[in-house]
Amino acid sequence: MSLRQITCLVLVLLTGTLKLSANIEFFDGSYEEALELAKKERKIIFIDAYASWCGPCKQMAKNVFTQDQVGEFYNSTFINLKLDMEKAEAAVFKQSFSVSAYPTLFFIDSQENLVHKVVGGQNGAALISAGEFALSKFDVSKDLAVEYENGKRDPEFILEYVRALNASNKNSLPVSNKYLMTQKNLNTEFNLTFIYEATVACDSRIFKLFTDRKDLLIKQFGAEAVENRMYDACAATVKKAIAFESTDLLEEAIEKYGEQANKKAAGQFELESRIYFARAMKQTGEVVALVKKLNKSYLKGAAGEKFRWSKRLNSVEDLDASGVDLVIQLAREATEIAENKSYWQHYYEILVEYGRTKEAEEVKVLLDALN
């Protein structure tokens with residue numbers, strides 16, 4: 001990875017809502033709910049408008065959306081949504097946008113304004129370029145930067161600027177630190193809001209300001225929002241650890257999350273963090289061992305998580321026989337817990353991919369029954 005790529009990645013990791021995943025994580029809610037979330041988080045929505053029979057759509061889902069750099073960029077930058085254009089889930093979207101070829105990739109804002117559109121399958125580099133172009137058209141921080149450089153410093157403006165920097169995936173920490181260092185009372189309602197918005201990584205002074213005021217922040221924003229913000233900040237530091245290949249940053253993130261979260265959440269965060277770090281370091285055997293431990297300790301009864309981890313593990317290069325067995329095991333366990341067509345389809349495709357013909361034929365019968 002070049003110095004320029006590392007610098008850009010770190011700036012991304014210091015801002016926005018982050019998830020510990022190498023794959024693009026697609027929003028589970030509806031189109032309308034995605035619009036609300038985009039408005040709340042001041043983000044663009046990336047929409048993969050696809051059809052179930054479309055070959056390039058399947059290729060992107062398997063080989064592009066699962067790439068590390070693609071997932072890192074899209075998860076930290078956009079609200080990501082998949083819409084099957086031949087199903088009812090796309091009905092509201094189709095009232096505003098038409099699709100004549102698959103896939104069509106949309107970048108829209110929370111007011112349903114089209115920011116950018118790309119037609120046809122894309123490779124990883126092209127998809128990142130498309131996202132960067134959309135982000136450049138959506139950058140709301142440029143005008144505010146001019147005012148800031150010209151000396152504007154009233155608190156409401158600085159808060160707006162920090163939010164805009166975060167929404168545009170730019171590093172807000174220097175601006176946030178300068179403001180907070182001028183404040184004598186950090187426990188006012190406004191300054192608590194500022195600390196909440198400015199907490200974008202756990203390897204920073206602001207994270208301690210956040211955790212020292214956790215109870216006050218919970219009263220103001222609610223426990224779930226505070227827990228999510230803390231998780232995102234620690235996940236950002238894990239991703240920075242990956243970018244710099246730093247075990248020290250990895251351990252710092254795990255330790256700081258462990259100090260604040262409950263035992264179960266802390267344990268799952270540690271395992272997932274170590275999995276993504278090991279994957280980035282191409283330690284495939286370690287990845288398989290850690291996913292096996294994660295499944296045994298934390299994924300009991302969690303069909304959706306087993307399904308997602310089966311797909312994630314299957315995207316790891318150079319899996320040995322034990323890794324393949326675990327991919328299939330996770331896929332099978334997901335179908336045993338919940339009768340979901342997507343789970344069965346994935347299970348069938350995995351069996352076919354790895355030449356388990358007899359098992360695949362048996363699963364195909366069950367899959368056809370769900371259609």
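The values are calculated or read from the model by the stated rules, or taken from the named source; none is laboratory data. This is a predicted model, so every value here is computed, not measured. Positions of Cβ are backbone-derived with ideal geometry, glycine not excepted, and every protein chain shown enters the neighbour counts. All accessible areas refer to the heavy atoms of the entire protein, side chains included, with ligands and DNA or RNA removed. Shrake-Rupley method; radii C 1.70, N 1.55, O 1.52, S 1.80 Å.
Annotations for the structure displayed:
- Among the residues of region 131-167, those that are assigned to a loop (DSSP other than H, G, I, E, B) and either open to solvent by 10 Å² or more (accessible area, probe 1.4 Å) or more than 26 Å from THR237 (Cβ to Cβ) (or both) comprise ASP139, VAL140, ASN150, GLY151, LYS152, ARG153, ASP154.
- Residue match in region 186-199 (condition: within 16 Å of TYR257 (Cβ to Cβ) and modelled with pLDDT of 95 or more): yes
- Filtering region 174-204 to residues that are in contact with a helix residue (DSSP H, G or I) (Cβ under 9 Å, 6 or more places away or on another chain), in a helix (DSSP H, G or I), open to solvent by 20 Å² or more (accessible area, probe 1.4 Å) and not acidic (Asp, Glu) leaves ASN177, LYS178, PHE190, THR193, TYR196.
- Helices (runs of 4 or more DSSP H) completely within region 30-121 that count 3 or more residues being within 25 Å of ARG163 (Cα to Cα): 31-41, 68-77
- Residue list for region 217-259, filter: of a type in the set (S, T, N, Q), closer than 21 Å to GLY71 by Cα and open to solvent by 30 Å² or more (accessible area, probe 1.4 Å): ASN228
- Of all the criteria given as (1) part of a helix (DSSP H, G or I); (2) within 21 Å of ARG42 (Cα to Cα); (3) open to solvent by less than 30 Å² (accessible area, probe 1.4 Å), the one not satisfied by PHE207 is (2).
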